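Participant: Following this message is one structure expressed as structure tokens.
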């Protein structure tokens, strides 16, 4: 999904500030100059500058102009630089984590602090992902980092035990943990750590409700085998939408299958007789779309599909995918602010900070013309 014009201007200026083109205390170009540079209206430029101000990067001085802020606005941010570890075992396997990491690094609150990246996880590629994650955790413990951003393992051998082992070790070392995207406990249980992500239950509801409003009455939910806790939340939202619309809630219509296996997809179609499918995520939706086409089914004429996440290739599938946009970069930014608040006020109640996922309508749901 292409960013709006004001967002493009905002992001360009933010990058220039974060990379030192405009130093703290320096005046940035006037709105008139920015209008000429970006070929945008004054209203659009003004909105981008206001967003920079809200995010704490600049100060606006009446009659003088806009200046790069000398220091972050949060009084809770420590003056000395801190070091944080990123522990994201599924980075590179799950598309949402790359922009999430970028959001962490680009956050205004990250200025002056160091982020330790674990993109390759381990120096020993023969280790399992669970073993690699534990090895990285030990490195962070050895360095006595000030906090860890942790996206719990999923689809890995011994994932539950490893997730608990990592969090317990960090807790015992009094190193704060901010969870990214998901908890390590099964839904609806909740751990005692701040979590930044999306409202997965509401997202599952919204995807299903959209198909209902398009006239679907036999809606299935399709996910991969042994899904993460976030998918269980999405399934709960799917069921709630069916119940709210007086549609039958049938356990067999929730299918945990390999959507690349044509026989399993054929069995899905015969058992559920679906006119609409909510997919656990966009990767599942894309694979399912290819399988349906191989079996001679048309999307959306025969079956309407909605995904969740709005990853980069969602709009490039054979039938562009209707999906809910996960604001991954903004999740990263919120996570950094949350970590600094937790360090400054450790007695605060544990929080879920859940960002909105707007619906992006494309052709796969039949909601737009070809």
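Participant: Do the conditions hold for residue 284, that is, is it out of contact with any helix residue (DSSP H, G or I) (no Cβ under 9 Å at 6 or more places or on another chain), within 26 Å of residue 368 (Cα to Cα) and surrounded by 18 or more Cβ atoms within 10 Å (Cβ to Cβ)? Walk me through how you get there before you give the answer.
Facilitator: Values: out of contact with any helix residue (DSSP H, G or I) (no Cβ under 9 Å at 6 or more places or on another chain): yes; within 26 Å of residue 368 (Cα to Cα): yes; surrounded by 18 or more Cβ atoms within 10 Å (Cβ to Cβ): yes.
Considered against the rule, which asks whether it is out of contact with any helix residue (DSSP H, G or I) (no Cβ under 9 Å at 6 or more places or on another chain), within 26 Å of residue 368 (Cα to Cα) and surrounded by 18 or more Cβ atoms within 10 Å (Cβ to Cβ), residue 284 comes out as yes.
Participant: For residue 45, which of the numbered conditions (1) in a helix (DSSP H, G or I); (2) at pLDDT below 85; (3) in contact with a helix residue (DSSP H, G or I) (Cβ under 6 Å, 6 or more places away or on another chain) fails to hold?
Facilitator: (2)
Participant: Still on this structure, I have one more. Looking for something crowded, with 17+ Cβ neighbours inside 10 Å, modelled with pLDDT of 90 or more and either over 22 Å from residue 195 (Cα atoms) or out of contact with any helix residue (DSSP H, G or I) (no Cβ under 8 Å at 6 or more places or on another chain) (or both) - is there at least one such residue anywhere in region 146-162?
Facilitator: No, that holds for no residue.
Participant: Now for a different question. Restricting to region 156-188, give me the number of residues that are part of a helix (DSSP H, G or I) and touching a residue at least 40 places away in the same chain (Cβ under 8 Å).
Facilitator: So the count comes out to 1.
Participant: Evaluate region 66-80: report whether one residue or more is at pLDDT 85 or above, closer than 30 Å to residue 357 by Cβ and under 27 Å from the mean Cα position of the chain (by Cα).
Facilitator: No, the conditions are met nowhere in region 66-80.
Participant: I'm trying to understand the selection: among the residues of region 2-42, which are part of a loop (DSSP other than H, G, I, E, B), at negative phi and in contact (Cβ under 8 Å) with a residue 40 or more places away in the chain?
Facilitator: 22, 23, 24, 26, 28 - these are the residues of region 2-42 that are part of a loop (DSSP other than H, G, I, E, B), at negative phi and in contact (Cβ under 8 Å) with a residue 40 or more places away in the chain.
Participant: Looking at the structure I just gave you, is residue 63 more than 28 Å from residue 176 (Cα to Cα), surrounded by fewer than 13 Cβ atoms within 10 Å (Cβ to Cβ) and modelled with pLDDT of 90 or more?
Facilitator: Working: more than 28 Å from residue 176 (Cα to Cα): yes; surrounded by fewer than 13 Cβ atoms within 10 Å (Cβ to Cβ): yes; modelled with pLDDT of 90 or more: no.
Answer is no for this residue.
Participant: Which of the residues spanning region 83-119 are over 11 Å from residue 335 (Cβ atoms), modelled with pLDDT under 90 and in a loop (DSSP other than H, G, I, E, B)?
Facilitator: The answer is 89, 90, 92, 93, 95, 111, 112, 113, 117, 118, 119.
The rows are residues; the columns are (1) at pLDDT below 95; (2) buried (at least 22 other Cβ atoms within 10 Å of the Cβ); (3) in contact with a strand residue (DSSP E or B) (Cβ under 6 Å, 6 or more places away or on another chain); (4) not assigned by TED's automatic domain parsing to the domain that holds residue 94.
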{"site": "238", "(1), (2), (3), (4)": "no, yes, yes, yes"}
{"site": "258", "(1), (2), (3), (4)": "no, no, no, yes"}
{"site": "263", "(1), (2), (3), (4)": "no, no, no, yes"}
{"site": "267", "(1), (2), (3), (4)": "yes, no, no, yes"}
{"site": "277", "(1), (2), (3), (4)": "no, yes, yes, yes"}
{"site": "293", "(1), (2), (3), (4)": "no, no, no, yes"}
{"site": "317", "(1), (2), (3), (4)": "no, no, no, yes"}
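Participant: If we only count strands (runs of 3 or more DSSP E) wholly inside region 251-316, which ones have 1 or more residues that are more than 14 Å from residue 225 (Cα to Cα)?
Facilitator: Because the criterion is at least 1 residues that are more than 14 Å from residue 225 (Cα to Cα), the strands (runs of 3 or more DSSP E) in region 251-316 that meet it are 276-279, 304-306.
Participant: Residues that are assigned to a loop (DSSP other than H, G, I, E, B), in the same structural domain as residue 270 (by TED's automatic domain parsing), in contact (Cβ under 8 Å) with a residue 12 or more places away in the chain and crowded, with 21+ Cβ neighbours inside 10 Å: does region 205-220 have at least one?
Facilitator: There is at least one residue in region 205-220 that is assigned to a loop (DSSP other than H, G, I, E, B), in the same structural domain as residue 270 (by TED's automatic domain parsing), in contact (Cβ under 8 Å) with a residue 12 or more places away in the chain and crowded, with 21+ Cβ neighbours inside 10 Å.
Participant: Now for a different question. Which residue, of 52, 13, 18, is closer than 28 Å to residue 309 by Cα, surrounded by 12 or more Cβ atoms within 10 Å (Cβ to Cβ) and touching a strand residue (DSSP E or B) at 6+ places or on another chain (Cβ under 8 Å)?
Facilitator: 52
Participant: Criterion first (more than 19 Å from the chain's Cα centre (by Cα) and within 15 Å of residue 322 (Cα to Cα)) does residue 262 satisfy it?
Facilitator: no
The values are calculated or read from the model by the stated rules, or taken from the named source; none is laboratory data. All figures in this text were calculated on a predicted structure; none of them were measured in a lab. A quick note on method: Cβ atoms are made from the backbone with ideal geometry, for glycine too, and the neighbour counts reach across all protein chains shown.
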